[in-house]
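Here's the structure, in structure tokens; my notes come after.
Values in this text are rule-based calculations from the coordinates and carry no lab data. A quick note: this is a predicted structure, and the numbers were derived from the prediction, not measured. A quick note on method: Cβ atoms are made from the backbone with ideal geometry, for glycine too, and the neighbour counts reach across all protein chains shown.
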Amino acid sequence: MARRFDLTGENITRRNAQRDTYGNQTPLSSTAVERGSTRWLSGSYVQIDGLLDVNGTATVGGVLSVTGTLNASGQINLSGSTGITGPLNVTGTTTIGGNTNITGELNVTGPTTLDGITDIGGDTTITGLLKITGDTTVDGNFEILGNGLFKAGETQIEPTGKATFGDVIIDPASIYLMQTPGGWISGTGADDITLASSLSGSVSMNGTRTELDFKGQKITLTVADTIISNRLTVQGAAEIMSNLVVRGSNVTLTALPTTTLPGNLHITAAGRLYRSTA
């Protein structure tokens, strides 16, 4: 009697279900291909749910899309245009040999060394410390905003305009416009300035007078063509081209040469001197 098959049994039903689900797929548990090739034609789809380990060279002629994390432990060579729309974190040494254009924001949190020429065409904002050990050339305006200071050795310029150059201080907001170890220049108004030494004296000028003070001995020139002095001493020849008026109750002439000739000096009641011909 011939053997009969039950086409409605459990085994046949399970096989039909697998056929409907997987079609003509052939599951491979372990496969080695030597000197051969595997090709998936257009419209094919390859899905790897486990680990893909490539020990040789992998060539992608189309688009390589990575939606997860891409970890690369070796060298990465990019010869064409590379577009990165998300954050790029590089923890190791990175060498870029060609031109690099960055249109978005570049954040660098670690030390950065630039050995070549750095050309920045737009605005640059530095919120931390900027340290320059070499020569610096500025071919434009150099402006420090806010309450910053300009320091260079013994030179310091403050936001108020006060400038210190070693022992020399220039301060437009102070009565002492310039201070030096040997003296100072001071001013109290638009037409009042004094040049003074630290020990000897001073010269003061304003709209009404000019005063010379040497160790307490003062000579004052006024707008009325007047010389005011508590003591005026002339050593050497003095020539007065106009009238000389001496107002005082005591006029003393000392060290005059002597002569036996009769006197020829006449003084009027008004105190005027004449040479007498009588």
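What is the chain's relative contact order, in percent, from Cα pairs under 8 angstrom and six or more apart in sequence?
So the answer I get is 4 percent.
Give the cross-link partners of K151 among the aspartates and glutamates, using a straight C-alpha distance below 20 Å as the criterion and excluding same-chain residues fewer than 8 apart.
Qualifying aspartates and glutamates at Cα under 20 Å: D135, D139, E143, D167, D171.
Efficiency by 1/(1 + (r/R0)^6): what FRET value for L129 and L88, r their Cβ-Cβ distance, R0 = 30 Å, to the nearest 0.05?
Efficiency, rounded to the nearest 0.05: 0.75.
Any idea how far apart N101 and L256 come out in nm if each label point goes 7 Å out from Cα toward Cβ?
That separation, rounded to one decimal, is 10.3 nm.
First measure r as the distance between the Cβ atoms of I175 and K215, then evaluate 1/(1 + (r/R0)^6) with R0 = 22 Å and state the FRET efficiency to the nearest 0.05.
Efficiency for this residue pair is about 0.45.
Any chance you could give the angle, 0 to 90 degrees and rounded to 10, that helix 10-22 forms with the longest Cα principal axis of the chain?
With rounding to tens, the tilt is 40 degrees.
State the extension gain, in nm to one decimal, for the chain segment bounded by N55 and H266, taking 0.36 nm per residue of separation less the distance between their alpha-carbons.
62.7 nm
Calculate one ³J(HN,Hα) per residue across region 204-209 by plugging θ = phi - 60° into the Karplus curve 6.51 cos²θ - 1.76 cosθ + 1.60, and present them in order as whole Hz with x for glycine and proline.
Couplings: 10, 9, 8, x, 10, 7 Hz.
Running a GNM on the chain with Cα contacts under 10 Å, which residue among T188, T268, T220 ends up with the highest mean-square fluctuation?
Highest fluctuation among the options: T268.
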